[in-house]
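The values are calculated or read from the model by the stated rules, or taken from the named source; none is laboratory data. Computed from a prediction, not measured in an experiment: that's the story for all the values here. Because the Cβ atoms are built from the backbone with ideal geometry, glycine has one as well, and the counts that use them run over all protein chains shown. Side chains are part of the model used for accessible areas, which takes the heavy atoms of the whole protein and leaves out ligands, DNA and RNA. Shrake-Rupley method; radii C 1.70, N 1.55, O 1.52, S 1.80 Å.
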Number of protein chains: 2
Amino acid sequence: MKQYRRTARRHPIQYYIDGILNGNRITLSQAITLAESQLPSDQQLSESILTELLPHTGKSIRIGITGVPGVGKSTFIEAFGALLTQEGYKVAVLTIDPSSPKTKGSILGDKTRMEKLAANPMAYIRPSASGNTLGGVAAGTKESILLCEAAGYDVILVETVGVGQSEISIRELTDFFLLLMLAGAGDELQGIKKGIMEMADTIAITKADGDNITASKLAKKSYQNALHLFAQSEQDWYPKVFTCSALEGNGMHTIWKEILRFESHMKERGYFQQRRKEQDLYWMHQYINEQLHKHFYQDTSIQKMLSIKKDNILNGEELPIQGAKVLLEQYFSSITKA
Amino acid sequence: MKQYRRTARRHPIQYYIDGILNGNRITLSQAITLAESQLPSDQQLSESILTELLPHTGKSIRIGITGVPGVGKSTFIEAFGALLTQEGYKVAVLTIDPSSPKTKGSILGDKTRMEKLAANPMAYIRPSASGNTLGGVAAGTKESILLCEAAGYDVILVETVGVGQSEISIRELTDFFLLLMLAGAGDELQGIKKGIMEMADTIAITKADGDNITASKLAKKSYQNALHLFAQSEQDWYPKVFTCSALEGNGMHTIWKEILRFESHMKERGYFQQRRKEQDLYWMHQYINEQLHKHFYQDTSIQKMLSIKKDNILNGEELPIQGAKVLLEQYFSSITKA
């Protein structure tokens with residue numbers, strides 16, 4: 001992320017706060033850059049900005065959108081975002097592309113793919129390289145959401161590629177989790193794990209147009225049956241499956257109505273705020289665990305010993321717990337001496 | 001687990017090694033008690049025993065069996081174990097009951113439920129209270145498996161109640177994961193999460209007898225469809241659904257044949273040993289993470305600060321990462337001073 005850091009100039013805190021509260025996109029982008037930065041001084045500045053802005057955050061609906069590559073996430077978001085801005089909402093899109101952590105390629109790619117939305121004065125698009133991950137999501141995504149809220153965005157769309165751990169983290173960042181799926185993938189779930197379907201608050205079958213309409217309807221039925229078999233929400237929310245076409249604009253409005261229905265359902269029952277509070281504690285513990293983990297595995301004496309212990313265990317010469325204990329002893333003796 | 005510790009007498013290492021290699025059940029039980037003990041001196045002795053026995057381990061097939069309470073796990077294991085011993089296999093059953101961590105209740109309960117198998121000279125049953133968990137499984141389960149193998153058991157059945165994290169750990173302990181399910185539970189998955197079904201190598205619908213036969217066949221079809229929709233194994237293994245009746249003995253042999261088919265399938269492709277090696281490294285890292293976590297949260301200064309930080313975060317006065325950073329600074333300053 002050097003390209004950001006190089007252009008990021010430091011300003012006094014008030015510069016960021018005024019700019020963001022006035023909805024200035026350049027200031028917003030600068031503040032997100034600080035939030036994504038790994039430099040301790042940037043992080044400190046970012047935390048000070050966020051602490052000041054906290055009273056202005058929390059008023060949006062945060063929507064996580066996931067699906068495998070090729071499902072049409074960008075196309076969906078372009079059409080969905082356009083609909084929302086037409087209805088008068090300010091829309092922020094945070095896209096996370098784990099495939100290109102350090103190049104500008106994906107960023108330009110995303111911007112090109114969402115051309116119209118990027119040019120829309122009611123929309124703000126911010127691509128993040130996820131080189132530095134916290135639980136699979138780019139470092140700073142949580143902070144970026146808060147900054148966008150302070151800048152007055154009503155709907156925050158957080159887009160991730162549906163691989164690995166990223167969906168689990170996105171579930172811990174957003175109020176509503178939309179899973180995009182393709183029709184006609186036959187017996188397979190297109191690489192989407194069942195655990196991901198379980199987390200979805202709604203599923204949308206994309207590209208339900210032209211020759212694909214029949215297949216989409218079948219897929220809808222099939223996934224709806226699968227959800228019926230599994231679903232048993234503690235919060236009385238039973239995820240539905242919809243079809244949509246970004247090309248023809250079909251289904252977009254129905255999905256938005258479903259999201260609004262979800263929002264009132266959850267708010268009426270107190271689950272909306274509860275989920276956000278649980279998310280905040282989750283992120284605190286998650287950050288602590290990651291730092292403890294990092295501190296251990298970055299210890300130079302541990303790095304020296306670890307591969308030997310791994311070899312011993314793989315060769316069956318040492319028990320896993322035995323190896324772990326020796327490493328832990330070494331670690332604690334190393335840091336107390338330091 | 002005081003009742004164990006009180007009766008556990010220490011013997012020289014050779015006593016345990018000779019006894020176990022001779023298949024002495026009393027010595028085996030004593031060694032498992034040491035492996036489950038939280039006393040550092042017991043743990044040291046246990047590690048020495050296991051290190052000596054390592055060359056004699058690894059030759060069994062380790063089968064994890066899970067299902068919700070009421071699915072008939074004990075009845076299934078009683079019938080399944082009887083079949084295996086008739087075929088000439090020595091069978092060890094390790095049962096983990098998280099519901100009664102400290103009483104002997106569950107232990108006596110299990111023993112009574114598996115009366116016939118307990119009296120079978122070819123079978124060994126060891127109930128463990130899971131008061132001290134490592135990733136949801138009783139501390140020492142991994143070690144117990146190795147000890148049973150050294151004692152000459154050909155098949156190790158590890159039984160857990162299907163709740164929470166226990167299935168995930170059982171997947172990391174065993175070669176084959178059998179999920180027991182009930183028919184006639186309608187639209188719901190009997191509290192079994194989708195992620196658990198995803199881990200299953202085979203599903204068996206229990207109690208497929210009498211009035212329940214039609215419902216069992218329907219359930220089989222329904223779960224098989226759900227698995228078809230999801231399954232896409234990297235190892236070319238597509239889990240099947242079977243019906244069985246412990247009462248009438250139906251289906252047990254088919255399930256065992258499927259397990260043997262799985263074993264050769266995995267061994268031919270090299271996945272069998274690979275899974276075991278990955279499991280060993282998993283347990284090493286898991287143990288390290290748990291200890292780091294424990295060390296942090298048991299720190300007295302952290303305990304004092306944590307609830308304040310939690311309140312601040314829940315009231316929106318502090319950012320999760322900010323709170324985490326203050327706690328981490330406190331922790332590292334506290335342990336380096338100690």
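Can you compute 3J(HN,Hα) from phi for each residue in region B:203-213, using the Karplus curve 6.51 cos²θ - 1.76 cosθ + 1.60 with θ = phi - 60°, rounded to whole Hz and x for Gly and Pro?
Result, ordered by residue: 10, 10, 8, 8, 6, 7, 8, x, 5, 8, 5 Hz.
What are the ³J(HN,Hα) values, in whole Hz, obtained from phi via the Karplus relation 6.51 cos²θ - 1.76 cosθ + 1.60 with θ = phi - 60°, for each residue of region B:22-27 in sequence order, with x given for Gly and Pro?
7, x, 6, 5, 5, 4
Relative to 2.2 N^0.38 Å, what does the C-alpha radius of gyration of region A:222-338 come to as a ratio? Two decimals please.
Relative to the rule-of-thumb radius for its length, region A:222-338 sits at 1.83.
Using r as the Cβ-Cβ distance of residue B:234 and residue B:289, and R0 as 30 Å, what FRET efficiency do you calculate, to the nearest 0.05?
That pair, residue B:234 with residue B:289, gives E of 0.75.
Please give every one of the aspartates and glutamates within straight-line cross-link reach of residue A:116, meaning a C-alpha to C-alpha distance under 13 Å, and leave out same-chain neighbours fewer than 8 residues apart.
List returned: A:78.
Got the residue B:54 label distances to the other copies yet, label 7 Å along Cα→Cβ, in nm, shortest first?
Here residue B:54 shows inter-copy label distances of 5.0 nm.
Do any of B:304/B:337; A:310/B:310; A:220/B:217; A:240/B:221; B:90/B:267; A:221/A:257 go past 28 Å between their Cα atoms, and which?
A:310/B:310
Just tell me which aspartates and glutamates come within less than 19 Å, Cα to Cα, of residue B:73; anything on the same chain fewer than 8 places away is out.
Those aspartates and glutamates meeting the cut-off are B:97, B:110, B:115, B:159, B:167, B:175, B:201, B:209, B:248, B:258.
How high is the FRET efficiency from residue B:10 to residue A:317, r the C-beta distance, R0 25 Å, rounded to 0.05?
Efficiency for this residue pair is about 0.50.
Among the aspartates and glutamates, which fall within straight-line cross-link reach of residue B:294, defined as a Cα-Cα distance under 20 Å, with same-chain neighbours fewer than 8 residues apart omitted?
Reachable aspartates and glutamates: A:290, A:299, A:329, B:36, B:329.
Please list, in chain and number order, the residues 5+ apart from residue B:204 or on another chain whose amide H is under 5 Å from its amide H, with Hs placed from the backbone.
The answer is B:179, B:180, B:181, B:242.
Measure off 7 Å from each Cα along the Cα-to-Cβ vector at residue B:48 and residue A:48, then give the distance between these two points in nanometres to one decimal.
5.9 nm
For residue A:18 and residue B:326, what is the calculated FRET efficiency with R₀ set at 35 Å and r taken between the beta-carbons, to the nearest 0.05?
Taking R0 as 35 Å, the efficiency between residue A:18 and residue B:326 is 0.80.
If you take all C-alpha pairs in region A:294-338, what percent of them are over 15 Å apart?
So the pairs more than 15 Å apart make up 39 percent of the total in region A:294-338.
Would you mind giving the total buried accessible surface between chains A and B, with a 1.4 Å probe and ligands, DNA and RNA left out, rounded to the nearest 100 Å²?
5800 Å²
Can you work out the Karplus-derived ³J(HN,Hα) for every residue in region A:38-55? Use 6.51 cos²θ - 1.76 cosθ + 1.60 with θ = phi - 60°, whole Hz, and x for glycine or proline.
These are the phi-based 3J(HN,Hα) values: 9, 6, x, 5, 5, 4, 4, 4, 4, 5, 5, 4, 5, 4, 5, 8, 3, x Hz.
Give me the one-decimal Kirkwood hydrodynamic radius in Å for region B:23-63, with the sum taken over alpha-carbon pairs.
11.1 Å
So how far apart, in nm, are the two label points at residue B:211 and residue A:38 if each is 7 Å from Cα heading toward Cβ?
Each label point is offset 7 Å from its Cα along the Cβ direction, giving 6.5 nm.
Given C-alpha coordinates of region A:1-95, what is the ratio Rg to Rh with the Kirkwood estimate of Rh?
1.02
Starting from the 7 Å offset along Cα-to-Cβ, what nm value, one decimal, do you get for the label separation of residue B:273 and residue A:118?
Reported label-point gap for residue B:273 and residue A:118 is 5.2 nm.
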